[in-house]
Amino acid sequence: MKYRNLTVERKGHVALVTLNRPERGNALSVEMMRELEDVALSFREDTETRVVVFAGAGRHFCVGIDLRDPQHAESLSAPLLLRQRLFQVGPRMIRALRGMDQVTIAAVSGAAMGGGACIASALDFRVGAADCRVGYPESSLAIPLSWVSLPLCVRLVGPARAKRWLMLGEKLGAEVLLQWGFLDEVVPSSDLLERALDMAESYASRAPVAVQMIKRSVNALAGALDDSVMHMDSDQVLLAQTTRDFREAVQAFLEKRRPEFTGE
């Protein structure tokens, strides 16, 4: 299948999926999120591909959701029931990525923000360029982290660091991300894709049945309580979006100024 916002290349047992909106920093339009869900599901019956590497075209891995995407803007003014349905595009994408049988690796270049950080956290391993930055700026938009990604962040960096990172909306550099455990390796930006593909070949050389059994078991054990804890995370965001603080945050973002929050 051909995609408008992604490219898919296969070589032997390794596939490379590239987010391909470089002119927008690979920002996540609704169409792009649906394509990411579809590409993840497309590997379900693919027994030849053992490892899938995800990378971003151009400077950035993914700068987050595209607030200028017309479909996203329309969803904010839709009736509540429709907004609930539309909001599930992001969580479905993350679940599809996390549920892939193949080993998955993120090659994190430039910025991975918001939804981009969620994508990276849903994969098995993360290799970062030395100049990369990762952050969850949702609190700057007066909303909590959702897309079933809160547990993923907590497991990678621990509760206290997750609270700090998410509450303050910090953009962390590669060395801190490596120290905290979000990144597995840091390499020069010029070596990023080559290292991610080398890592992919290492996992692809292992017995796929055993490797995929290990992945499913570890994910099931680590995420045993995820659904019970996060089943309403989308509704929490929808509630937060009704506040004046959210409207102020979006306006401030578009006007490139600091928001003034009142708790209303």
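Values in this text are rule-based calculations from the coordinates and carry no lab data. Please read all numbers here as calculations on a predicted model, not as lab measurements. Every residue, glycine among them, receives a Cβ derived from its backbone with ideal geometry; neighbour counts consider all protein chains shown.
Here the chain carries DSSP beta bridges of which approximately 30% are antiparallel, counting only pairs with both residues inside. Within the stretch 215-259, the trypsin sites (Lys or Arg not before Pro) that combine a DSSP coil assignment with at most 15 other C-beta atoms in a 10 angstrom radius are LYS256, ARG257. If only the Cβ of Lys and Arg carry +1 and only the Cβ of Asp and Glu carry -1, the dipole of the stretch 6-208 around its Cα centre is close to 640 debye. For the stretch 1-106, the list of GluC sites (Glu not before Pro) that fall in a loop by DSSP and count at most 15 other C-beta atoms within 10 angstrom reads GLU45, GLU48. Taking only the Cα atoms of the chain, the ratio Rg/Rh comes out at 0.95, with Rh defined as the Kirkwood radius. Look at the Cα gyration tensor of the stretch 52-116: its axes a ≥ b ≥ c give a/c of at least 1.5 with a/b at or below b/c, and that counts as oblate.
When the trypsin sites (Lys or Arg not before Pro) in the stretch 24-120 are filtered for DSSP coil states and for at most 16 other beta-carbon atoms within 10 Å of their beta-carbon, the remaining sites are ARG44, ARG59, ARG68.
Where in the chain are the helices, taken as whole DSSP H runs, whose Cα atoms extend 20 angstrom or more along the long axis and whose Kyte-Doolittle mean reaches at least 0.5?
Correct list, ordered by number: 208-222.
According to the Cα-based calculation, Rg over Rh for the stretch 1-137 is 0.97, with Rh computed by the Kirkwood formula.
DSSP beta bridges confined to the stretch 1-104 are antiparallel in about 40 percent of cases.
Here the sum of -39500 (n - 2.57) over DSSP H runs of 4 or more residues, divided by the residues of the chain, equals -13500 deg cm²/dmol at 222 nm, to the nearest 500.
Distance between the C-alpha centers of the stretch 244-264 and the stretch 180-199? Whole Å please. Here the two parts' Cα centres lie 36 Å apart. Rounded, prolate or oblate: which fits the stretch 197-242 when a ≥ b ≥ c are the square roots of the eigenvalues of the alpha-carbon gyration tensor, with rounded for a/c under 1.5 and prolate only if a/b beats b/c? Because a/c hits 1.5 or more and a/b fails to exceed b/c, the stretch 197-242 counts as oblate. Where is the GNM fluctuation largest for the chain (alpha-carbon springs, 10 angstrom cutoff): VAL108, VAL39, VAL176? Ranking VAL108, VAL39, VAL176 by mean-square fluctuation puts VAL176 first. Using every pair of separate Cα atoms, the Kirkwood estimate puts the hydrodynamic radius of the stretch 112-264 at 17.2 angstrom.
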